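Only one structure is covered here, and it is reproduced in the block below.
The values are calculated or read from the model by the stated rules, or taken from the named source; none is laboratory data. Quick caveat: nothing in here was measured; it's all calculated off a predicted structure. Every residue, glycine among them, receives a Cβ derived from its backbone with ideal geometry; neighbour counts consider all protein chains shown. Just the protein is used for accessible areas: all its heavy atoms, side chains included, with ligands, DNA and RNA removed. Shrake-Rupley method; radii C 1.70, N 1.55, O 1.52, S 1.80 Å.
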Amino acid sequence: MERWTRIGVLALQGAFREHARVLERLDVAVSEVRLPGDLDGLDALVIPGGESTTIMRLAELYGLDEAIRAFAGPILGTCAGMIVLDREHLDLADLVVERNAYGRQVASFEADVELVDDPRPLRGVFIRAPRIRELGPQVEVLGRLDGDPVLVRDGPLLLASFHPELTDDTRVHERFLSLVRERVVARTPEEVRSR
Ligand code: GLN
C-alpha cells in the first residue's frame, strides 16, 4: 500500500522498535536508519530514547551526526533523543538539558504531563530522564510536569523528555505527524518530482 509519508527511526540503540510500532499503527511507512544513506527519501526522523552517549558514539562512527545535522525534515527526539539534539550535542535544538535529572531517589517513574492545548493529561513514562535547563526564546512549551517543560517544539523539532512510545496514548506521535503533514503538503511540484 502507498503510504502518504515515510519516516525513519534511528536504530543504533534504544527503543527504536517501539517507536516504529506506534508509527505503523498510525499508518505511516517506517524504515530503520543505521547509515547516512538510509536518510534518503525520508520525510522525517525519530531519535529514540536509550543511552545518549552510546547513540552519539555510534552516530559519529557511522557519519550519522553530520547527516542528521544536514537532514531537512522534522525530527522527533524522545529522552536520549532530546539530549542528542540539544546545544551541547548535535546542536539542532535551542535548548540545554541536564541528564538523569529527574527523581534522584527513584530514577524512573510515571506521571501525568499537563498539555497546554488539551485538558486531558498525558501519561508520561520517565526513565532516567533529562531535565531542560535552558530554553531558547522561540521554543514553544507544549507540556509540563510540575511546572517544568517536558514536551517542547522548536520549529520542525518535537522533543519529549519522557517515552511516548511506551504507552498506548499516541498523541505525541500524532502531533509529530501533523508537523510532518504541514511540510509534505507544502512541497512544491519540483520537490515532489525530485524525490
Ligand atoms: N539517561 C539516558 C541518557 O543520559 C536517557 C534515558 C532514556 O533515554 N530513557 O542518555
(message) Here are the criteria: (1) assigned to a loop (DSSP other than H, G, I, E, B); (2) at pLDDT 95 or above. Tell me which single one Arg3 does not satisfy.
(response) (2)
(request) Could you please tell me which pairs satisfy a Cβ distance under 9 Å, a separation of 6+ or placement on different chains, a first residue in segment 66-91 that is under 13 Å from Asp43 (Cα atoms), and a second residue that is among the acidic types (Asp, Glu) and in a helix (DSSP H, G or I)? (result) Pro74/Glu182
(request) Only residues in segment 43-59 that are under 22 Å from Thr167 (Cα atoms) count as the first member; pair them with residues that are charged (D, E, K, R) and part of a strand (DSSP E or B), Cβ under 9 angstrom, at least 6 apart or cross-chain, and list the lot. (result) Ala44/Arg6
(message) All but one of (1) at pLDDT 95 or above; (2) in contact with a strand residue (DSSP E or B) (Cβ under 8 Å, 6 or more places away or on another chain) hold for Asp118; state the number of the condition that does not hold.
(response) (2)
(message) Could you check segment 84-99 and list, in sequence order, the residues that are more than 22 Å from Leu179 (Cβ to Cβ) and open to solvent by less than 60 Å² (accessible area, probe 1.4 Å)?
(response) Val96
(message) Take the conditions under 24 Å from Glu18 (Cβ atoms), crowded, with 19+ Cβ neighbours inside 10 Å and not hydroxyl-bearing (Ser, Thr, Tyr) and apply them to Ala129. Does it pass?
(response) yes
(request) Considering each residue of segment 98-118, count those that are within 12 Å of the ligand (Cβ to nearest atom) and in contact with a Leu (Cβ under 9 Å, 6 or more places away or on another chain), and give that number. (result) 1
(request) Please state which of the following conditions Asp40 fails to meet, knowing it meets all the rest: (1) open to solvent by 10 Å² or more (accessible area, probe 1.4 Å); (2) closer than 28 Å to Ala101 by Cβ. (result) (2)
(request) For segment 135-154, indicate whether the set of residues that are at pLDDT below 95, more than 16 Å from the ligand (Cβ to nearest atom) and closer than 26 Å to Arg25 by Cα is non-empty. (result) no
(message) Quick check on segment 53-66. Is at least one of its residues hydroxyl-bearing (Ser, Thr, Tyr), within 12 Å of the ligand (Cβ to nearest atom) and in contact with a His (Cβ under 8 Å, 6 or more places away or on another chain)?
(response) no
(request) Answer yes if at least one residue in segment 71-83 is open to solvent by 40 Å² or more (accessible area, probe 1.4 Å), under 24 Å from Glu174 (Cβ atoms) and away from the ligand (no atom under 13 Å from the Cβ), and no otherwise. (result) yes
(request) Could you list, in sequence order, all residues of segment 84-95 that are touching a helix residue (DSSP H, G or I) at 6+ places or on another chain (Cβ under 7 Å) and within 16 Å of the ligand (Cβ to nearest atom)? (result) Val84, His89, Leu90, Ala93
